[in-house]
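Okay, structure first, notes after.
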Amino acid sequence: MQRWIIHIDMDAFFAAVEQRDNPKLHGQPVIVGGLGRRGVVSTASYEARRYGVHSAMPMSEARRRCPHGIYLPGNHRKYGKVAADIRRILADFSPAVEPLSLDEAFLDVSGMEWLYSDPPEIARKIKQRIRDELELTASAGVAPNKFLAKLASDWKKPDGLVVVRPGQEQAFLKDIPVSRLWGIGGKSANLLQSLGVSTIGQLARIDMGVLAKHFGNSAEPLRNLALGLDDRPVIPDHDPKSIGNEVTFEEDLHSPEELETILLALTQKVCRRLRQSGLSGRTITVKMRFASFRTITRSRTLGEPTLLDHTIFETAQAILGTVPLAEGVRLLGVTVSNLHPYGGQTSLFSLEDDKHLKVCQTIDKLKDRFGETAVTRGRLLLPEMKK
């Protein structure tokens with residue numbers, strides 16, 4: 001049976017949702033991301049991309065390139081709801097859907113010839129339903145494997161559809177920059193450039209001994225990708241390995257009290273996401289990036305999994321207390337891993353924990369109904385709000 005994979009990639013997703021929901025933004029350069037001095041661009045509309053603005057760019061650089069752009073902080077709850085609608089559409093076309101992020105996913109449509117005349121027809125129908133039901137556009141790549149399908153979906157954005165049929169793999173890949181290969185970063189791309197390799201087609205022809213000399217065990221996987229070979233399966237809805245939140249500060253923080261307050265806010269967000277996902281976790285990790293850009297992580301593993309704010313915060317707080325603050329802190333994050341399905345009981349021994357969970361669940365419901373600021377700990381109120 002011929003294997004067929006479709007990669008669906010939404011076009012400028014966050015910005016497109018904002019333009020859809022506000023007609024005044026149609027045709028405007030919309031940039032979504034962190035609006036602070038150290039923020040980065042999450043998504044730029046195609047109108048903004050004409051000025052060289054792209055995702056992961058520092059927001060300060062985006063403002064320099066596109067000073068007349070419309071800058072928005074983003075609404076991830078809204079984007080999550082739209083992403084759920086997209087996945088609902090995808091599930092109507094295949095039981096094997098592997099989401100990569102909110103705005104992209106793989107589908108395995110192998111063996112569906114009895115339902116559709118051709119795999120590209122499936123991609124066209126998916127794109128049309130997204131357009132009709134959600135008023136958004138998506139690009140699609142259709143190919144015999146995940147690597148080719150993902151490359152193809154990016155080839156004619158926006159609203160593109162590119163098909164790579166069996167036998168066309170090397171013709172499709174030959175002129176694509178080698179930097180587009182998975183696993184090739186800037187350092188590896190420079191090394192290949194020094195070997196006279198700048199395209200995937202050139203990589204497919206280079207002597208294997210030369211490649212192995214410079215890339216060791218990675219040489220064979222690289223060569224396979226250059227030949228268009230990729231046997232990785234589509235893995236439907238795999239469970240998350242961790243849940244975390246982090247924040248980059250406008251100004252470096254030096255005060256332990258300020259850092260603990262931020263840590264509390266991050267912990268509350270993480271715990272709420274744990275409860276929403278029906279998960280609990282045993283390993284708590286604190287991440288810190290200092291003014292010098294030195295980054296460290298410190299972890300502790302509990303005896304049993306938890307999803308309680310106070311337990312995770314107290315553990316994270318203890319971890320934070322072990323780190324010397326010799327310089328300012330520019331980023332702080334907390335992550336819970338070693339996840340387990342929550343079985344409905346916080347502890348075999350603690351009625352107090354069960355009471356605490358009920359309080360947390362009540363607060364979650366209030367926030368679901370009235371917004372994130374409906375209930376806030378006094379410690380998290382801004383100074384001017386306390387006056």
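The values are calculated or read from the model by the stated rules, or taken from the named source; none is laboratory data. All values reported here derive from a predicted model rather than from experimental measurement. Because the Cβ atoms are built from the backbone with ideal geometry, glycine has one as well, and the counts that use them run over all protein chains shown.
Might you let me know whether segment 298-317 holds any residue that is of a type in the set (Gly, Ala, Ser), exposed (fewer than 13 other Cβ atoms within 10 Å of the Cβ) and either touching a residue at least 60 places away in the same chain (Cβ under 8 Å) or touching a His at 6+ places or on another chain (Cβ under 6 Å) (or both)? Within segment 298-317 (the criterion being of a type in the set (Gly, Ala, Ser), exposed (fewer than 13 other Cβ atoms within 10 Å of the Cβ) and either touching a residue at least 60 places away in the same chain (Cβ under 8 Å) or touching a His at 6+ places or on another chain (Cβ under 6 Å) (or both)), the answer is no, since none of the residues qualifies. The C-beta contact set for segment 327-356 (first residue farther than 22 Å from ARG37 by Cα, second residue modelled with pLDDT under 55 and among the polar types (S, T, N, Q), distance under 6 angstrom, 6+ apart or interchain) comprises ASP353/THR346; ASP353/SER347; ASP354/THR346.
One residue stands out in segment 30-52 among those that are of a type in the set (Ser, Thr, Tyr) and under 14 Å from ALA15 (Cα atoms): the one that is farthest from the chain's Cα centre (by Cα), namely TYR46. Just one of the numbered conditions (1) out of contact with any Pro (no Cβ under 9 Å at 6 or more places or on another chain); (2) without any contact (Cβ under 8 Å) to a residue 60 or more places away in the chain; (3) crowded, with 16+ Cβ neighbours inside 10 Å is not true of GLU258: (3).
Those strands (runs of 3 or more DSSP E) of segment 1-80 in which at least 1 residues are modelled with pLDDT under 95, considering only elements entirely within it, cover 30-33, 41-44.
Applying the condition of being part of a strand (DSSP E or B) and among the basic types (Lys, Arg) to segment 267-288 and asking which residue is farthest from VAL247 (Cα to Cα) yields ARG282. On inspection, ARG180 fails the criterion of being among the charged types (D, E, K, R) and modelled with pLDDT of 90 or more.
Within segment 56-98, the set of residues being over 23 Å from the mean Cα position of the chain (by Cα) and either acidic (Asp, Glu) or surrounded by fewer than 14 Cβ atoms within 10 Å (Cβ to Cβ) (or both) comprises ARG64, PRO67, HIS68, ASP92.
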